[in-house]
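One structure is given below, encoded as structure tokens.
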Protein chains: 2
Amino acid sequence: MASAADRNPAIVLVRPQLGENIGKAARAMLNFGLSELRLVAPRDGWPNPSAGPAAAGADVVLERAEVFPTLADAVADCANVYATTVRKRGVTKTVVTAEEAAREIHAAPGKSAIVFGPERSGLETDDVARARAILTIPINPDFPSLNLAQAVILCAYEWSKAQALVQPTVEDLLPPASQDELDGLIAHIEAMLEPRGYFYPYSRVDATRRNLRNMLTKPGWNHLEVRTMRGVLSTLERDPAKG
Amino acid sequence: MASAADRNPAIVLVRPQLGENIGKAARAMLNFGLSELRLVAPRDGWPNPSAGPAAAGADVVLERAEVFPTLADAVADCANVYATTVRKRGVTKTVVTAEEAAREIHAAPGKSAIVFGPERSGLETDDVARARAILTIPINPDFPSLNLAQAVILCAYEWSKAQALVQPTVEDLLPPASQDELDGLIAHIEAMLEPRGYFYPYSRVDATRRNLRNMLTKPGWNHLEVRTMRGVLSTLERDPAKG
């Protein structure tokens, strides 16, 4: 059984040009919990002093980055290799979206890798041929120039979303108030409206009450919010300037 | 019936600092088919010469960008306003993921806006209070520093993905009231509460106002509901028995 870290895909950058872009890719990876970066023949060698500042704190990814002479070496231990490209290729190969790839990676046994080509030119046909599948991000056909770090972050994001265990969303909402509390609020506001002629003409009183109730049940206010609204009403019952 | 372009959300950048980041955000938007950029009080004015090169061809987005003095002005015509934040807020407000927001935006009638705070600091609590919901991107809690263009691209990407899924639904719900109408309601209730001492002690006035605004933005009341609520308030301003 592979360990959790082994199940995380490696991000492979093939012949990246600017150190800055390597740093940005590292940052994008770590934003969504990926930390295994592999570099194939980076143009300006490695380490690259421009990478660190661009990583904005994701130094651990850069420090552990491994360098390989060829893509074949970089993915030698990988069972599931995805080649990212936005361009159509004359290659007969399965094409998946980033979302589909993410699901496959979580389900598949063996190590996975997502491979990105150099800035501007993208992956060579030979690099693409090495992959099991093509990963394509559906993009605006009139403006398909996705930069390297952005392509990486979209793949990392989808991988993170697909991770079944990682779904503790920020949830500090209180449960909705009980029907009792809501009825108390509605009775309060009706009692204030009644002597002021709100329900006139009385032939419409049922519809008007229903309307009011619909409006006040719509928010799903919680206990504290209902209490605040009761406070508002109590305040409005006072005479002005006597507050 | 709103046109297709009207259904696309506006991207609102609040007090962005660097022109370069505005350009990168514009590029990220256009990658996934969004083109309506609104800027609230950009630090270095507008236009900004650094934005163009960073937009890498997305000039049309920058050329059409509109500048507003405040967030209130920028979203005055919007019915569905999402405040993006990765930090937990002491605000009782619905929290949705980028994916959920994307689905809601496609389904909801009325204009939508996704609001992003300044680089580093993010949105102020008062800005967040103005929104109907908080949009949070579930991110690595140990490395949550998402840059502006990356946050924008993830939201634009989800919007684009959801577009493919949307079935045109028969919509007999009324669209939510505009931010303008909502501001009118809030001003009305505050004007009634003020002379009755609701905001005493004044040291807490900002928090109390924010609390009230959060509560009243939560329902997503439509035009008729806001008008009904205004009618309720006008009735409460009368003396009892004189109705």
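None of the figures in this text is laboratory data; all of them are computed from the coordinates on show. Since the model is a prediction, treat every value here as computed from it, not as a measurement. So basically every Cβ, Gly included, is an ideal-geometry build from the backbone, and we count neighbours across all protein chains shown.
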Inset, instruction - Would you mind computing the Rg to Rh ratio of segment A:15-63 from its alpha-carbon coordinates, Kirkwood style for Rh? - result: 0.92
Legend entry - Taking A:C155, A:C78 and counting other C-beta atoms within 10 Å, the order from fewest to most: A:C78, A:C155
Inset, instruction - Just need log10 I(q)/I(0) for segment B:4-165 at q = 0.15 Å⁻¹, Debye formula, equal scatterers on the alpha-carbon atoms, no solvent, rounded to two decimals. - result: -0.73
Inset, instruction - Calculate how steeply helix A:19-31 sits against the longest principal axis of the alpha-carbon atoms of chain A, using the helix alpha-carbon long axis, and give the answer as 0 to 90 degrees to the nearest 10. - result: 50 degrees
Inset, instruction - Report, as an integer, the average count of C-beta atoms from other chains found within 10 Å of each Cβ along B:210-216. - result: 3
Inset, instruction - Taking amide H positions as placed in the peptide plane 1.01 Å from N, state which residues far from A:V95 in sequence (5 or more) or on other chains have amide H under 5 Å from it. - result: A:I134
Inset, instruction - Divide by every residue of the protein assembly as shown the summed helix terms, -39500 (n - 2.57) for each DSSP H run of at least 4, and state the resulting mean residue ellipticity at 222 nm, rounded to the nearest 500 deg cm²/dmol. - result: -12500 deg cm²/dmol
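For the protein assembly as shown, report the % of Cα-Cα distances exceeding 44 Å.
Details: 29024 of 117855 pairs.
The calculated P(r) of the protein assembly as shown puts 25 percent of pairs beyond 44 Å.
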Legend entry - Within 10 Å of each Cβ in B:193-199, the average number of Cβ atoms from other chains: 6
Inset, instruction - Hand me the trypsin sites (Lys or Arg not before Pro) from segment B:179-243 located in a DSSP loop with no more than 14 other Cβ atoms within 10 Å, in residue order please. - result: B:R238, B:K242
Legend entry - For B:E194, inter-copy label distances in nm, listed shortest first [label point 7 Å out on the Cα-Cβ vector]: 3.3
Inset, instruction - Could you give the spread of the C-alpha atoms of segment A:179-237 along their three principal axes, from largest to smallest, in whole angstroms? - result: 35, 23, 15
Inset, instruction - Calculate the dipole size of chain A relative to its Cα centre from +1 charges on Lys and Arg beta carbons and -1 charges on Asp and Glu beta carbons; express the result in debye to the nearest 20. - result: 540 debye
Legend entry - Residue order, fewest to most surrounding Cβ atoms within 10 angstrom, among B:I22, B:I11: B:I11, B:I22
Legend entry - Label geometry 7 Å along the beta-carbon vector: B:D77 inter-copy distances in nm: 5.6
